[in-house]
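What follows is one structure encoded as structure tokens, with my remarks underneath.
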Amino acid sequence: MSNDHSPVATALGIDIGGSGMKAAPVDLISGELLDKRHRIPTPQPATPDAMAEVAGELAKSFSWSGPIGCAFPGVVQANTIRTAANLDPSWVGVDAAEVFGASTGQAVTMVNDADAAGIAEMAFGAGRGRAGVVMMITLGTGIGTAMFANGTLVPNTELGHLILDGVEAEETASARAREDGDLSWADWAPYLDAYLHEIERLLWPELMIIGGGVSSKFAKYSDALTVNAEVVPAELRNQAGIVGAAVGTRSVLGSEGPATNG
Ligand code: BGC
């Protein structure tokens, strides 16, 4: 596959997860993937060196030359990793743009994975054109959150680590918690509802967008959600991380964030 797209209007998005690293070239104007996405399992242990090699393979598989945006499942400040709850702890303190830049040979921009998903939903999905406070909540191995005020991202909100009844929300309301506990949708939904109520009690978003794999099963648990806010499933499904990572190459994340409502 060759990259014959304009470097200005496209970027390669890489979505890093605990189990897989997924990539595709993205049209930054339409938010569409320009090629089939490519997935490589996340190496275990998920160290910087091992993952850099995979990022290099992903870029090579698209013969990519141009900007690369990476969505990372942890706090990212000016490309430096501050937390890595579900990856190898040796990531903490590492400039990931430098590490992935070296293995791909391209300029790399890092963004938190939930922030990336939120950026994509605000620009092209369920949050398009929405003013006020919008909260993106991704339910996967962990819980990721992204908060927008009138379309402007407040990066690294990390509300998956809120403590509810003495336990991190991630341990009860994530998709992993449902699978590990072998819970039915009906048994799991009250944990999610309690979590959404805690977010509402503290931040009062007008719109909550539920992302992650469970967004496609929204009808199975939506009736159990009783918050005041409007709650909707994400529209970009498993592409949001890739698209948001790519769009993130256009802004200096961690300082001003992307304008998603314009
Ligand atoms: C991390 C967040 C991340 C979320 C989803 C959490 O454990 O702390 O940074 O967004 O998982 O991957």
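Worth pointing out:
- Residue tally, condition within 16 Å of the ligand (Cβ to nearest atom) and touching a residue at least 60 places away in the same chain (Cβ under 8 Å), over the stretch 146-160: 6
- Screening the candidates Gly118, Gly160 for the property of being farther than 27 Å from Ala59 by Cα and in contact with a strand residue (DSSP E or B) (Cβ under 7 Å, 6 or more places away or on another chain) yields one hit, Gly160.
- Checklist (1) open to solvent by 10 Å² or more (accessible area, probe 1.4 Å); (2) in contact (Cβ under 8 Å) with a residue 12 or more places away in the chain; (3) more than 30 Å from Ile81 (Cα to Cα); (4) not basic (Lys, Arg) applied to Trp188, failing item: (1)
Here is a yes/no grid of residues against (1) more than 16 Å from Gly213 (Cα to Cα); (2) open to solvent by less than 40 Å² (accessible area, probe 1.4 Å); (3) β-branched (Val, Ile, Thr):
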residue	(1), (2), (3)
Arg130	yes, no, no
Ile137	no, yes, yes
Thr141	no, no, yes
Gly144	no, yes, no
Phe148	yes, yes, no
Asn156	yes, yes, no
His161	yes, no, no
Asp180	no, no, no
Leu183	no, no, no
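- Odd one out for Thr152, checked against (1) under 14 Å from Gly244 (Cβ atoms); (2) open to solvent by 20 Å² or more (accessible area, probe 1.4 Å): (1)
- Residues (part of a helix (DSSP H, G or I), open to solvent by less than 40 Å² (accessible area, probe 1.4 Å) and within 16 Å of the ligand (Cβ to nearest atom)) located in the stretch 90-121: Trp91, Ala96, Ala114, Asp115, Ala116, Ala117, Gly118, Ile119, Ala120, Glu121
- Val167 in contact with a Lys or Arg (Cβ under 9 Å, 6 or more places away or on another chain) and surrounded by fewer than 20 Cβ atoms within 10 Å (Cβ to Cβ): no
- Within the stretch 20-55, considering residues that are among the charged types (D, E, K, R) and closer than 18 Å to Asp113 by Cβ, the one most open to solvent (accessible area, probe 1.4 Å): Arg39
- Residue within the stretch 65-82 that is over 30 Å from Glu170 (Cα atoms) and surrounded by 17 or more Cβ atoms within 10 Å (Cβ to Cβ) present: yes
The values are calculated or read from the model by the stated rules, or taken from the named source; none is laboratory data. Keep in mind it's a predicted model, so treat the numbers as computed, not measured. Counting neighbours? That spans all protein chains shown, and the Cβs are built from the backbone with ideal geometry, glycine included. These area figures cover heavy atoms from the full protein model, side chains too; ligands, DNA and RNA do not enter into them. Shrake-Rupley method; radii C 1.70, N 1.55, O 1.52, S 1.80 Å.
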